[in-house]
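Working notes for the structure below.
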Amino acid sequence: MATTETEGEQSEMEVLVSAREEELEKTKALPIDTTMYDFLSQKFNWFLMTIRTQGVKAGLKLVRKNIVLLTRYITGARGRSKAKQSQEGAEEQDEELLEIEAFRAKIDSEDKGPIRVLDLCYYMICPPTSGGMLRILAPLTKMHPEQGIAFSMVFTTYSEEYAEECEAYLNGMPVMEFSKGVVAYKYKSPLGIIPEGIPKDVWETVSRELVDYLRKLLAHVDYDIIQVEHSQLAWIVPFLREFSPKSKIVLDAHNIEYRIYGTWLPYCKPDTEQEIRDKYILLRDWEHKVWPWFDYAFSVSSEEQRILQESGIPGTYLVPTGGGIDPGKYTPKGDLERSLDILYIGSMNWYANAHGLIWFIENVMPIIEKRRPGTEFNIVGSGMPMGDLLTATSRCSNIKFWGFQEDDVGFFHKSKVFVVPLWIGAGARVKVITAWAAKIPVVSTVFGAEGSKTDNGKNIILTDDPEEYAEAILKILDNPEYGRSVAENAYQTFLENYTVERCAEALIQSYREMAEH
């Protein structure tokens, strides 16, 4: 990348960071923390919704689960406010510098160092539960120091307490040399006025605190590779070019974000069409703008790998979605008694899932119910049916909602067939390869299985036709041997391509190739 281009991009991103900082400063004079108010309101509404859909016992369980998080959030907000009125901020900076210097001293004591990777993320969940977080952290649990790769992790978060908890978890990984949670004021403030041309998803990640911390860290520690999680965080790249000009800068794309809204457009309602179109255009323009800033990229699907390569990152590596799946968790130990008929897993709060469920309930379930009365459709996931989904489910008597479940393994093991009726999204669906690991046959729309190594009729059944979709499900339900054959073929595909160990091996090989060039 030319120096003049880099300087221009850094100047532009400095303006962006300064604009975010100005908006945050405006909120510090407010009498209450509006973002914390919104956060608490959201949790309360979630609690009420859980009571309505799952009963009081489930609601109280949710409260117990979230009380620690709420306490951390409130404590973090108050603590930050006090720090701004005292010398704690300066003391924290001194502690940060001492930590960095101690890490540098440890590095200097080594005879021959490993390939060092600095991973940057604008959020952190420890232990990992979301698909994105599993993609980041799961492969690291299968790596070993003798393989010659060492990691540092820097992330933004909302409180010192939560940062320390995540750091303790991360530092327990054998290949994690250093981790730091940077408390960012953005977590406790409204968005303010978003600059023209900047997607909301990008604006939410911008923080001066992250820039300042990386300036200190990279002044003392050299990294072979700096990895940026998600294209929303790409605004940090011009700063990285200044702070660490010799490092290879890598994007872990997770998804091509604008494709979510591009696939959404044909199915959105008239009153939301302009909003979806605007999001699509903003994210498309942002991603195509920032991709050439990177030296390399990771992608979850061959289709998105092609798009990234054609758009300015020729060195794009394919690494499975979700960071791979652990067969030790999902693969059954023997024959199972599968008492549930049809299974779907996914949040009903996400439009893409609700849209797919409506299509399935209105077009496929009536055919199944006519041919095989009493067949149950089991839906597992957070949220409750609302609007069109509520209307659709009210017409079908054989639907059972299980709500959010901390452990989905039991449902995969109890069910006879797993369905993926999706038409909207990006990347690859981790639920497909999870079902393969659990040895449950999958019936999906063609788009729903995009990004996975499918062989229609062998390791999965793919169709967009309601009659064919229903026929495939009925064949599996009425012929268990056929279902086991499809599931076994899928499991072999999983073992060859999608275990967390395979993902770790792919990353290690990719890092070695990057470091050599």
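Read the figures in this text as sums done on the coordinates, not as results from a lab. Being a predicted model, the structure only gives us computed values, none of them experimental. All Cβ positions, glycine included, derive from the backbone under ideal geometry; neighbour counts span all protein chains shown.
Descriptive notes on the structure:
- Contour excess over end-to-end distance, with Cα ends at GLU303 and SER18 and 0.36 nm allotted per residue: 99.0 nm
- Measuring between their Cα centroids, region 115-183 and region 346-385 lie 37 Å from each other.
- Each peptide in 251-258, 267-274, 170-177 was scored by the mean count of other Cβ atoms within 10 Å over its residues; highest first, the order is 251-258, 170-177, 267-274.
- Two-site label geometry, SER311 and LEU98: point separation in nm, points 7 Å out along Cα→Cβ: 4.5 nm
- Protection proxy ranking of 212-221, 104-113 - average other beta-carbon atoms within 10 Å, highest first: 212-221, 104-113
- Taking Cα centre as origin and charging only the Cβ of basic (Lys, Arg, +1) and acidic (Asp, Glu, -1) residues, the dipole magnitude of region 327-498 rounds to 300 debye.
- Entries of LYS248/LYS458; LYS329/LYS453; LYS333/LYS458 with Cα pairs more than 29 Å apart: LYS248/LYS458
- ASP111 versus LYS329: modelled label distance in nm, points set 7 Å from Cα along the beta carbon direction: 3.8 nm
- Among the GluC sites (Glu not before Pro) in region 434-510, none is located in a DSSP loop while being surrounded by at most 15 other Cβ atoms within 10 Å of its own Cβ.
- For region 327-498, the direction-averaged projected area of the alpha-carbon convex hull comes to 8.9 nm².
- Note on HIS288 and HIS220: the extension gain reaches 21.2 nm, defined as 0.36 nm multiplied by sequence separation minus the Cα-Cα distance.
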